[in-house]
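Q: There's a structure below that I have some questions on.
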Amino acid sequence: YLVKQLLSNEAVLALSKKLNTLGNLSICEEALLYSALFAKEPRQILIVKNNAYEVIQLYERMACLMDEVMMLNMEDSLRVEAIASSPEQKAIQMETMAKLSSDEPFVCIMNLAAAVRYVPSPSLFRQCFIHIKQDDIQDYEQLKQSLFLAGYLPVKRVDQPLTYASRGGIIDVYSINY
């Protein structure tokens, strides 16, 4: 209800016209304005924040106001990311990048590290998509190679997202989609 009330707000109209006249907004004000902008004109909106903390703060507030919001958060330091990165976080990053490569309208909030770090082109990223349907016949070695190139890690037992195990002609996959 509150977001609908803001559709004709001057600040939302300024954002709609891509005028950068706003400054010193609180996180709540920013969440309300971007949510109203999206409600007014559903499209892909990319918001870049200074750090991971600001991304999480804005995401939490916008997620209460709308469903079409995702975040792409990467550690500022590659060293910290290598040590502290979880499979769940990697799955969220890949899901967000997949959505960015589509034409679906949504709001993506990312930190500066995610914005400047190497992200593959949408066409290169789409080449790593693996589409398997029931009763499809796949080449065993080719599928293992495709999973590895898509970022899945080979393990003995599948118990985390983005992992796969291969034994006796069977490949178990923990997909990021489930």
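Q: So, in segment 111-128, of the ones that are hydrophobic (A, V, I, L, M, F, W, C) and without any contact (Cβ under 8 Å) to a residue 40 or more places away in the chain, which residue ends up least open to solvent (accessible area, probe 1.4 Å)?
A: Among them, the one singled out is Phe125.
Here's the yes/no breakdown for (1) over 30 Å from Glu60 (Cβ atoms); (2) β-branched (Val, Ile, Thr); (3) open to solvent by less than 60 Å² (accessible area, probe 1.4 Å); (4) at pLDDT 85 or above:
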residue	(1), (2), (3), (4)
Asp103	no, no, no, no
Ile109	no, yes, yes, yes
His131	yes, no, no, no
Gln134	yes, no, no, no
Tyr140	yes, no, no, yes
Leu143	yes, no, yes, yes
Phe148	yes, no, no, yes
Gly168	yes, no, no, yes
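Q: Here is a further query. Considering only residues of segment 67-101 that are crowded, with 18+ Cβ neighbours inside 10 Å and among the acidic types (Asp, Glu), which is modelled with the lowest pLDDT?
A: Glu75
Q: Please tell me if Pro42 is open to solvent by 40 Å² or more (accessible area, probe 1.4 Å), modelled with pLDDT of 85 or more, over 14 Å from the mean Cα position of the chain (by Cα) and of a type outside the set (Val, Ile, Thr).
A: So Pro42 fits the description; yes.
Q: Only residues that are over 10 Å from Phe106 (Cα atoms), of a type in the set (D, E, K, R) and without any contact (Cβ under 8 Å) to a residue 40 or more places away in the chain: list them for segment 52-72, please.
A: Scanning segment 52-72 gives Glu60, Arg61.
Q: Right, another one. Among the residues of segment 1-21, what is the count of those that are open to solvent by less than 60 Å² (accessible area, probe 1.4 Å) and either assigned to a loop (DSSP other than H, G, I, E, B) or farther than 26 Å from Asp103 by Cβ (or both)?
A: 4
The values are calculated or read from the model by the stated rules, or taken from the named source; none is laboratory data. Please read all numbers here as calculations on a predicted model, not as lab measurements. Positions of Cβ are generated from backbone atoms using ideal geometry, with glycine treated the same way; all protein chains shown enter the neighbour counts. Note: areas computed on protein heavy atoms with side chains; ligands, DNA, RNA excluded. Shrake-Rupley method; radii C 1.70, N 1.55, O 1.52, S 1.80 Å.
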